[in-house]
Structures are given as structure tokens and as C-alpha cells.
1. Just add up the charged neighbours of residue 81: K/R +1, D/E -1, any other residue whose Cβ is under 13 Å from the Cβ of residue 81.
2. Of all DSSP beta bridges located in the chain, what percent are antiparallel, nearest 5?
3. How many nm is it between the label spots at residue 54 and residue 39, if each spot is 7 Å from the Cα in line with the beta carbon?
4. Which length gain, in nm to one decimal place, applies between residue 5 and residue 62 when the Cα-Cα distance is subtracted from 0.36 nm times their residue separation?
5. Assigning unit charges at the beta carbon (Lys, Arg +1; Asp, Glu -1) and nothing else, what dipole magnitude in debye, to the nearest 20, does the chain show about its Cα centre?
6. So how far apart, in nm, are the two label points at residue 47 and residue 69 if each is 7 Å from Cα heading toward Cβ?
7. If the cut-off is 21 Å between C-alpha atoms, which lysines fall inside it for residue 35, apart from same-chain ones fewer than 8 positions away?
8. Quick one: 3J(HN,Hα) in Hz for the range 5-12, Karplus 6.51/-1.76/1.60 with θ = phi - 60°, rounded, Gly and Pro as x.
Amino acid sequence: MATNSALRTTPAGIEMIEGQIIHLSSQEELGSTRKVEFEINFLAMGTIAQAISRLPQNTQLKCKGFLAAKNQRARNILVLHIDAFELLN
């Protein structure tokens, strides 16, 4: 996790947190190994948001979730919605 904002509450009373994570991996493509590295915005809600808010920055995580458009107007900007995570370090 690269950065995260403070834990906040939505108007519906749901806790949420936003930030950026850095993805690092090696992937196979046409028989060759390709290094993949990028930053992506994330969003987490509820108990996952609470747990992430307690982590120090630069904590290594394995995240599970889904990608969605940031909003209706920015359909080409993706956000990772984190449903679960594991600590790697």
C-alpha cells in the first residue's frame, strides 16, 4: 500500500477508506516473463476499511476484490475495490 486517506464515514453510515497501492508482479506472456508494475487507486468499506486504516504505509498486501469505474463520468479510470487482503510482511 503506497498511500491511504483517513477513515471516513459515508452519508449512509458506512466506514470507507481510499488510497493508492503499488502492484508488483511477474507474468508470463508468449513464453516470456514480463515484469508488471503500476499504481492503482483503491477503495475499501466496512471492516476491511477499518483494518486497512490501522496498517502503516508501505505494508505489503495481497488484495482480493474487483475493478470498477471511478464514477459514471470517468469510466476509463479504474479503482480496485478491496474485499479481502492478507499481510505479506
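Each reported figure results from applying straightforward, stated rules to the coordinates on display, with no laboratory input. Being a predicted model, the structure only gives us computed values, none of them experimental. Heads up, the Cβs are rebuilt from the backbone with ideal geometry, glycines too, and the neighbour counts pull from every protein chain shown.
1. On the way: positive: 64, 70; negative: 18, 83.
Value of the local net charge: 0.
2. 85 percent
3. Computed distance between label sites residue 54 and residue 39 equals 2.8 nm.
4. 18.6 nm
5. On the way: 9 positive and 8 negative charges, 44 e Å.
Charge dipole of the chain: 220 debye, to the nearest 20.
6. The modelled label-to-label distance comes out at 3.2 nm.
7. 62, 64
8. Taking θ as phi minus 60°, the curve returns 8, 6, 4, 9, 10, 6, x, 7 Hz for the range 5-12.
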